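In what follows, a single structure is set out as structure tokens and then discussed.
The values are calculated or read from the model by the stated rules, or taken from the named source; none is laboratory data. What you see is a predicted model, and the numbers here were worked out from it, not measured in a lab. Positions of Cβ are backbone-derived with ideal geometry, glycine not excepted, and every protein chain shown enters the neighbour counts. Just so you know, the surface numbers come from the protein's heavy atoms only, side chains and all, with ligands and any DNA or RNA stripped out. Shrake-Rupley method; radii C 1.70, N 1.55, O 1.52, S 1.80 Å.
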Amino acid sequence: MRSRNLGLIALLALLLAACAGCGGSTKKSNGVASKSADAIVAAALAATNSAKSVHVSGTVPENGQQLTLDLHLAGSRGGSGWLAEKGVRADIIRIGSKAYMKGSAAFWRSFGGTAAAQLLAGRWIVGPANTGNFASLTPLTDLHKFVGGMLSIHGKLTKGATTTIAGQSVIAVTDTAEGGTLYIATIGQPYPLKLVTTGTSAGKLTFDQWNAVVKLKAPKGALDISKLAH
């Protein structure tokens, strides 16, 4: 009988150890839900500019077309992922001042013609990230320019309701001039988690994996775009 009691005590001790701190694990509100719409977006911008990385995916309008993207951004160091427009896709990587791109035959045929498709299909090409043909990739692969830039430019803001996105509590803020709604985390850092735009600028972006490790590696054997021009 005594050994059974000791066994029960040991089991209870294990359960108590496993549950230690369970009641205190709930994260507290970051307080943004009680702020004005402008103050909420300002807090989201500050959090974004302090972040090391983020994963961005979804669609954005681009010259009358829908640009689909899936990018892992490592602060201002660069990023990697893919872009797709008009049903064709290209993989991209930017590491500092160098940008890399790889497209299918359909991609190069759509943007460069048959000769480009034959020469470049499935091959990585490299060029300067800040000038020339790849310059437009730099803002897209810079967390602070891309995400921070979106948060910096807006019209009159109104605060909406608190809801949840992917199980996370968020507060909605709508730009009444542009028709877009931004959802910002109310627990932990006030990071933007989703942006939905309507009208002529219709699109949807999600932001997750904040501060996750992003490894950027230059592809081997990339063709130098400056040499291809000669």
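Numerical summary
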read-out	value
Estimated FRET transfer efficiency (THR198, ASN133; beta-carbon r; R0 30 Å; 0.05)	0.40
Net dipole in debye of the chain [+1 Lys, Arg Cβ; -1 Asp, Glu Cβ; about Cα centre; nearest 20]	740 debye
Straight-distance crosslink candidates among lysines, where the alpha carbon sits under 29 Å from LYS35 and sequence neighbours closer than 8 are dropped	LYS27, LYS52, LYS145, LYS156, LYS159, LYS194, LYS204
Label corresponding to Cα extents along the principal axes in Å when calculated from the structure given, among (i) 75, 53, 31; (ii) 53, 47, 29; (iii) 89, 51, 28	(iii)
Accessible surface, 1.4 Å probe, highest first, among residues SER57, SER34	SER34, SER57
Average accessible surface area per residue within the chain, 1.4 Å rolling probe, Å²	56 Å²
The range 94-191 pair-distance distribution - Cα-Cα, 10 Å bins, rounded %	14, 27, 23, 23, 13, 1
For GLU178, solvent-accessible area (1.4 Å; no DNA, RNA or ligand), Å²	120 Å²
Antiparallel bridges, percent of DSSP beta bridges restricted to the chain (to nearest 5)	95 percent
Share of pairwise Cα separations in the range 175-230, more than 12 Å, in percent	76 percent
3J(HN,Hα) from dihedral phi, the range 124-136, Karplus parametrisation 6.51/-1.76/1.60, rounded to Hz, x for glycine, proline	7, 10, 10, x, x, 7, 9, 9, x, 5, 9, 4, 6
Förster radius 41 Å - calculated FRET efficiency between GLN168 and GLN66 (Cβ-Cβ, nearest 0.05)	0.95
Accessible-area value, TYR183, 1.4 Å probe, nucleic acids and ligands omitted, Å²	50 Å²
Carbon/sulfur fraction of accessible area - the chain, other protein chains in place, 1.4 Å, %	57 percent
Among LYS102, LYS27, LYS35, residue whose mean-square fluctuation peaks in a GNM of the chain (springs only between Cα atoms under 10 Å)	LYS27
Built amide H within the under 5 Å cut-off of ALA99, gap 5+	GLY127, ALA129
